[in-house]
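This report concerns only the one structure given below.
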Amino acid sequence: MAFKTNFLWGGATAANQFEGAYLTDGKGLSTADVMTAGAYDHPRQVTWKNPITGETGATDFGFFTDKRQVPVGTIPAVIADNYYPSHTATDFYHHYAEDIKLMAEMGFKTFRLSLNWSRIFPNGDDATPNEAGLAFYDRVFAECQKYHIEPLVTLSHYETPLNLAIKYNGWADRQLIGFFVNYAKLVMNRYHDQVKYWLTFNEINLMDNAPFLAGGVIDGSPQNRAQAAHNQFVASALTVQAAHAIDTTIQVGQMLAYSPLYAYTADPADQLKVQLQQQATLFYSDVQIGGHYPNYRLNQYARDGIKLDDRHEDYALLAKYPADFLSFSCYGSNTVTTHEDKGNAAGNFMTGVKNPYLETNAWGWATDPDVLRIALNTLFDRYHKPLWIVENGIGWADELTADQKVHDDYRIKYLQANLSSMRDAVTIDGVDLMGYTMWGCIDLVSAGTGEMKKRYGFVYVDRDDRGNGSLKRLPKDSFYWYKKVIANNGSDLSH
């Protein structure tokens, strides 16, 4: 059995990891533009300066921390002699026509990309937009239309304008609601004839784990993280309201980072840990899709002394304007335990223990052949709304052969398992799935490590971890495999 005839096959990218041209044509700085490169064994850093003394430095970018991202009295800044991957990335800005043509050659029905907020409003709170930035996206969407590729556009994908982080502590300030909705209304009014599918905040639940990345929050205290999440919820509801008023054919989705969790043992304490960690993730979709704050989170805020700066009308908006569909990223499962002697295994923004039944790659990511079926059924059973897998893939240190080929059978093997699992969820279980966009369809910079070595794409880009290379595009073996999969609508996954 295959997927429905209008199933949206494609690939996904993010401006800060793909677009480059970080100051071209009036673009302002974003939070990504002050993050250096890192690697599996050392973190990325956020560089900063003291505007009074001129002192400069860098702080390790961290997950699961309440610490300020930069020292008190300093501001995030671009500092000379540091390498910032986002500044050029893989230069979609100057290669968009070539890249979209390659997507069309694979048969893409959809292309997920993000708008760089600071390309359109350089400071985030500007009174008027940057027309040159809008003109760039005019060209991108025209190219998509040329090949009948449906854009799926993320409004905020780890690209908070840096000025909003410095001036307001990012999304911890309610004023960002108005700035964001102004931006969202502008682009939806301009592009509603070309873009029918929108996402508000990429992996919104990363606000709990990486608030600077998720919302430009420099002081990531529990209070500020809770407030920033609330402000994004309200902004999302207002965006849904505006979208439906602008064009009734527009659909606005939520985007969640999701990994099914397994308990390492049958110890009830491990089972409870799974439940509590799942709640920490699904809280975000309980609000954006379910339309209300769940009691487990409200009780947690009461225990922790967190008091939201909220309005009565906020909760009416959340209930009346939930997201139209739930999109999510899913790269693999996670295994957790309360038994500390079991040993940790690194993952994508998460930690857990190594699952003895699964293979892992060089970055500690496990390949789980049933993960998408489990994820899709869990989310569909909970929310009963259409789903869309907007990130799934595997990072690997691809090698370019002397004859300019990349033989990435490991990627094909990973995708065969994942797409088979996804197909079972749809054809056997009856999950309503709108589409699938493989992450990093053309090589881009890794968000977690800032590397180019950790490659995801169907297309190799000649660029290394220090910014060297011609930026030449070369299809990998997986390019031709995925082209065949799209052509047969997922009925044949063989290689």
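Here are a few things to note about the model shown:
- Base-10 log of normalised Debye intensity for segment 315-416 (one unit scatterer per alpha-carbon) at q = 0.13, 0.14, 0.17 Å⁻¹: -0.64, -0.72, -0.92
- For segment 216-343, radius of gyration divided by Kirkwood radius, i.e. Rg to Rh on alpha-carbons: 1.03
- Charge dipole of segment 240-393 (Cα centre as origin; +1 on each Lys and Arg Cβ, -1 on each Asp and Glu Cβ, all else neutral): 160 debye, rounded to the nearest 20.
- Over the chain: helical MRE at 222 nm, DSSP H runs n ≥ 4 each giving -39500 (n - 2.57), nearest 500: -11000 deg cm²/dmol
- Note on the chain: with charges restricted to the Cβ of Lys and Arg (+1) and Asp and Glu (-1), its dipole about the Cα centre is near 460 debye.
- Each of 207, 187, 217 was placed along the dipole of segment 172-251 (beta-carbon charges, centred on the mean Cα), and the one lying farthest toward the positive end is 187.
- A simple spin-label model places the labels of residue 267 and residue 495 3.8 nm from each other, with each point 7 Å out along Cα-to-Cβ.
- Protection proxy ranking, highest mean first, for peptides 372-382, 353-363: 372-382, 353-363, where packing is the per-residue count of other beta-carbon atoms within 10 Å, averaged.
- Its relative contact order, with pairs defined as Cα atoms under 8 Å and 6+ residues apart, puts the chain at 18 percent.
- Packing-based order for 14-22, 246-254, using average beta carbon neighbours within 10 Å, highest first: 14-22, 246-254
- Overall shape of the chain was characterised from the C-alpha gyration tensor. The equivalent ellipsoid obtained from it has semi-axes of 30, 28, 25 Å, in decreasing order.
- Segment 36-156: Lys pairs at Cα distance under 25 angstrom, eight or more positions apart or on different chains: 4
- A P(r) calculated from all alpha carbon pairs of segment 356-456, with 5 Å bins opening at zero, reads 2, 12, 20, 21, 18, 14, 9, 3, 1, 0, 0 percent.
- Under the span-like rule (Cα at least 20 Å along the axis, Kyte-Doolittle mean at least 0.0), DSSP H helices of the chain: 175-191
- Where the alpha-carbon atoms of segment 8-119 are placed on the principal axes, they occupy 53, 33, 22 Å, in descending order.
- When peptides 408-420, 57-69, 229-241 are ranked by their average number of other Cβ atoms within 10 Å per residue, the highest-first order is 229-241, 408-420, 57-69.
- Cα gyration tensor shape of segment 430-491, rounded if a/c is under 1.5, else prolate or oblate by comparing a/b with b/c: oblate
No value in this document is a laboratory result; all are computed from the given coordinates. Quantities reported herein were computed from a predicted structural model and do not represent experimental measurements. Quick reminder, even Gly has a Cβ in these numbers, built from the backbone with ideal geometry, and neighbours come from all protein chains shown.
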